[in-house]
Amino acid sequence: MMLSSKGFILVTTLILMLILTCITIPMLVQTSLSQKLAGSATLAVQLKQQTQSKHVQQLQQLKQGDFESRVFTVVPCPALYAAWSDLSLQCEWHQLRTAGGALHHQHSVTSFLVRQSLPEGGRDGLY
Amino acid sequence: MGFIRLGLWLLLFSHPLSADNYWSHIPGFGSVQLTELNQEQHTALASHLKLSQEDTKAWLGHLPAQLEALSCSTLDAQSQPLPAYVDADYQVVSYAGVLKFKADDQTKDTLWWLPWPLLPSLAQIRAELEDLALQVHQPLLLTEQELKQNGQFILISGSSNQSPSYFALKLNPLHLPELLWSATTAVAGFEELTGAMAQPVLLAEQAQGPGDSLLSLLLPNTGATKQKTLFYQVEAFTGKVRGRLIAGQKVSDLSGALTVYDQNRDSISDSLIFSTKAGQVWLAQMEHNQFYNIQLIADLSSLEFSDIQFVRTLYAAVPVGGSGSDFHSRRSQWLVLLGALRQEKSVVVLLKLQEGPPARFADLVDRTLPAAPGLAVLTDQDWQQIQQKDGWYSHITGRLTQPPVVAAGVVYLSLLQQDLTQICSIDQASSALMALHLHHASSVYRQPLLPLEKATGALVVKTNAQGGFSLIDQSQQQVLIDNLLEISPDCSHCTQPIQQGSFPRWQLMGTYHSEEGAYE
């Protein structure tokens, strides 16, 4: 009788411990996960900001002529308030893409710009 | 005495050296100089002129004098310079089909091209040139860039309404002109041709197959009668008809001014704007030699035009703000700029191209500059009206000599005021340059009308030494306006000098973000 009651306590304790472990471990996992989750948002913002500031820098460089975008085509000019006859003003469509991020993650910013230039001695007339 | 005789002999001898060249194309013989005809060619000419052999000889003798009488120096203001690889010294002007290639350099000969169908009616052409109600259109020049063949140069011209024809000349070299093709009522496909007083327009199309020539031309069928075919679309090198625009609606008395433009802005011209002489402006879509969706966009017949000089289109950001001080809401839209003749004066019209019923005279705002410059005030009410209505018009004294040029929102018009008794005399005419604000047609410079010593040729914008831009006359290289202004959207009358340093200008059209993958 004594033995069986001793065994009962042990089994109960073990079961209780098991239950407690079952509760604690997921909590621990959950905590670490949420920590990671919280960190990832900051990381994402950081990465985004990095890419964005790089993009802004590249835009500046492009405008100053220190940097060349690889993709550009000659296009009809966008509508301007101070409009020009088509052939006097030349427009180029530039696409500037800046990518950043880690191994499994990519973040990119793409800007489309129109470069308007007046070629020397451009032809007259509206077309 | 001996010296004088020697001088006379020298003069006689040297005369043929600097003599003008008179070219024409005799069917069956090809391009010939009229001063060097052989017997057969002479006979062909005599039968074409319906004259006897002797009279033909006399006619040929009188030809230089006859062409001298035909010359109209006020029209010379419309002459176009030839490209440098042909001969930069020469300018070409068309007297209703009779072409004059004249060099500024006195030592170079003047070259005349007389279209064969026009030879019997040369004497009547001058009357057409002196008709103030008509616009004499100039030929279309196709250079090597457009033809995509090095050294090639082709000229396409319409001719007088006396015997309507279109023709293409190959001018390579200039001194051996060769007729590529000509289109008259006798040519198959052109039976309905009633008038050719127009400027042909070039259409560059996408290739449909290998070896296909991509260049075609639009030839308007002008003339007083009601035509079925309004435009012929022909192959540029052969003159073969590829398509035609048939008038479904009542379009009569077509003017020779038209323009093609790229409405959807994909770099392929897809629309055509043309007008009747009275001022009914039509729009048609075109694709693969087909024309469709022909619609009336404006009926300005109550302005009583006699002919249309130029039609041009322009894509601009037009202010649409409701209140007087709001300049910041703008809409991108196509504008049509029209130069029309009205008795001895002219009217410049700016139309906003938009959906809806055709614009009437009442839908436009009269923005004629008052005689006293101080009276030209743009009130808030005016500005509001211009923004709400379909455009503006402005009456102008004199006629345009060149298509209007728009630079930085300013419309530049080169004007010629002719003496009504001596229409063809440039000495009796006065020239002026006018600069109007694109959006409300007020004067942009302090002086509304800038008088000029000489009539201007094509207007060109060039950089100047002060770091700005100036407007120059390409043919005489004279500076017309030293520091060009640009309109600014800050207020209705704001302008500022255009700076070279502000170019190139960058405009940000949009920024897009994208994200891929996952964090670890």
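Compute, for B:Y393, the solvent-accessible surface of its heavy atoms (probe 1.4 Å) with the complete set of protein chains present, and express it in square angstrom to the nearest 10.
Accessible area, nearest 10 Å²: 20 Å².
Any chance you could tell me what percent of the C-alpha pair distances in chain A go past 18 Å? Numbers along the way, then the final one.
Numbers: 5846 of 8001 pairs.
Within chain A, distances greater than 18 Å cover 73 percent of Cα pairs.
Among A:L47, A:L14, A:L96, which one moves the most in a GNM of chain A with springs linking Cα atoms closer than 10 Å?
Top of the fluctuation ranking is A:L14.
Ignoring everything but the protein chains, give the 1.4 Å probe accessible area of B:C494 in square angstrom, nearest 10.
40
Taking only DSSP H segments of four or more residues, each worth -39500 (n - 2.57), what value at 222 nm results for chain B once the sum is divided by all its residues, to the nearest 500 deg cm²/dmol? Kindly include the intermediate steps, with their values, before the conclusion.
Numbers: 7 runs with 70 residues, N = 520.
Helices in chain B give a 222 nm mean residue ellipticity of -4000 deg cm²/dmol.
Report the dimensions of the protein assembly as shown along its three principal axes from the alpha-carbon atoms, largest first, rounded to Å.
162, 62, 58
Could you put B:Y261, B:Y315, B:Y292 in order of accessible surface area, largest first, with the 1.4 Å probe and the full protein assembly present?
From most exposed to least exposed: B:Y292, B:Y315, B:Y261.
Round to the nearest 10 and report in Å² the accessible area of B:E146, as given by a 1.4 Å probe over the protein chains' heavy atoms.
Spelled out: B:E146, probe radius 1.4 Å, area about 50 Å².
Using a 1.4 angstrom probe on the protein heavy atoms only, line up B:I472, A:I9 by accessible area, largest first. Provide the component values of the computation, followed by the final result.
On the way: B:I472 15, A:I9 110 Å².
Ranking B:I472, A:I9 by accessible area, largest first, yields A:I9, B:I472.
For region A:81-113 and region B:75-115, write down the distance between their C-alpha centroids in whole Å.
About 46 Å separates the Cα centre of region A:81-113 from the one of region B:75-115.
Using 31 Å as the Cα-Cα cut-off, could you pick out the over-long pairs in B:K50/B:K170; B:K389/B:K462; A:K36/A:K63; B:K108/B:K454?
Numbers: B:K50/B:K170 29 Å; B:K389/B:K462 35 Å; A:K36/A:K63 40 Å; B:K108/B:K454 22 Å.
Beyond 31 Å: B:K389/B:K462; A:K36/A:K63.
Please compute the average number of Cβ atoms from other chains found within 10 Å of each residue's Cβ in peptide A:88-97.
On the way: counts 8, 6, 1, 3, 2, 1, 2, 1, 2, 2.
If you average over the peptide's residues, the count of other-chain Cβ atoms is 3.
Using +1 at the Cβ of each Lys and Arg and -1 at the Cβ of each Asp and Glu in chain B, identify which of B:L230, B:P120, B:A257 lies farthest towards the dipole's positive end.
B:P120
Which far-off residues, 5 or more places away or on another chain, put their amide H under 5 Å from the one on B:A429, with H placed in the peptide plane?
B:D419
Between region B:261-307 and region B:393-458, what is the C-alpha centre distance in whole Å?
One Cα centre to the other: 25 Å.
Hey, can you grab everything whose amide H is under 5 Å from the amide H of B:T368? Only 5+ residues off in sequence or another chain; H modelled, so Pro and N-termini drop out.
HN-HN under 5 Å from B:T368: B:H395.
With unit charges on the beta carbon (Lys/Arg positive, Asp/Glu negative), name the residue among B:T43, B:L450, B:L203 whose Cα is farthest towards the positive pole of the charge dipole of chain B.
Sorting the options by dipole projection puts first B:T43.
What base-10 log of the normalised intensity I(q)/I(0) is obtained for region B:267-376 from the Debye formula, alpha carbons as equal point scatterers, at q = 0.11, 0.13, 0.23 Å⁻¹?
-0.43, -0.59, -1.35
Would you please give the residues with an amide H less than 5 Å from that of B:F469, counting only those at least 5 places away or on a separate chain, with H modeled from the backbone geometry?
Residues meeting the amide H criterion: B:N464, B:L484, B:I498.
Could you pull out every Cys in chain A that lacks a partner Cys with its beta carbon under 4.7 Å away?
Result for chain A is A:C22, no neighbouring Cys Cβ within the cutoff.
Kindly sort B:K148, B:K102, B:K352 by accessible area of their heavy atoms, largest first, with the probe set to 1.4 Å. Walk me through the numbers before you get to the answer.
Working: B:K148 165, B:K102 85, B:K352 20 Å².
Order by accessible area, largest first: B:K148, B:K102, B:K352.
For the pair B:T35/B:N172, report the inter-label distance in nm, with labels modelled 7 Å from Cα in the Cβ direction.
With each label placed 7 Å out from Cα toward Cβ, I get 2.8 nm.
With only Lys, Arg, Asp and Glu charged, each at its Cβ (+1 for the first two, -1 for the last two), find how big the charge dipole of the protein assembly as shown is about the Cα centre; round to the nearest 20 debye. Don't skip to the end; give the middle numbers.
Working: 40 positive and 55 negative charges, 359 e Å.
For this selection, approximately 1720 debye.
What size of dipole, in debye to the nearest 20, comes out for region A:2-117 about its Cα centre when the only charges are +1 on Lys and Arg C-beta atoms and -1 on Asp and Glu C-beta atoms?
On the way: 8 positive and 4 negative charges, 93 e Å.
Dipole of region A:2-117, to the nearest 20 debye: 440 debye.
How big is Rg to Rh over chain B, alpha-carbon atoms, Rh as the Kirkwood inverse-mean-distance radius?
That ratio equals 1.01.
Hey, what do the phi angles of region B:49-59 turn into as Karplus ³J(HN,Hα) couplings, whole Hz, using 6.51/-1.76/1.60 and θ = phi - 60°, x for Gly and Pro?
For region B:49-59, the Karplus curve yields 7, 6, 10, 6, 4, 5, 5, 5, 4, 5, 4 Hz.
For chain A, with a Gaussian network of springs between Cα atoms less than 10 Å apart, report the residue from A:T42, A:T51, A:T21 with the top mean-square fluctuation.
A:T21
Rounded if a/c is under 1.5, else prolate if a/b beats b/c, else oblate: with a ≥ b ≥ c from the C-alpha gyration tensor eigenvalues square-rooted, which is region B:387-477? Please report the intermediate quantities before stating the final value.
On the way: a/c = 2.26, a/b = 1.15, b/c = 1.97.
It comes out oblate by the Cα gyration axes.
How large is ³J(HN,Hα), in whole Hz, for each residue of region B:481-495 in order, when computed from phi with the Karplus curve 6.51 cos²θ - 1.76 cosθ + 1.60 and θ = phi - 60°, using x for Gly and Pro?
Working through the residues one at a time gives 10, 6, 10, 6, 9, 10, 7, 10, x, 5, 8, 5, 10, 5, 9 Hz.
The values are calculated or read from the model by the stated rules, or taken from the named source; none is laboratory data. Being a predicted model, the structure only gives us computed values, none of them experimental. Don't worry about glycine lacking a Cβ; one is built from the backbone with ideal geometry, like all the others, and counts go over all protein chains shown. Please note that ligands, DNA and RNA were not included when accessible areas were found on the heavy atoms of the full protein model with its side chains. Shrake-Rupley method; radii C 1.70, N 1.55, O 1.52, S 1.80 Å.
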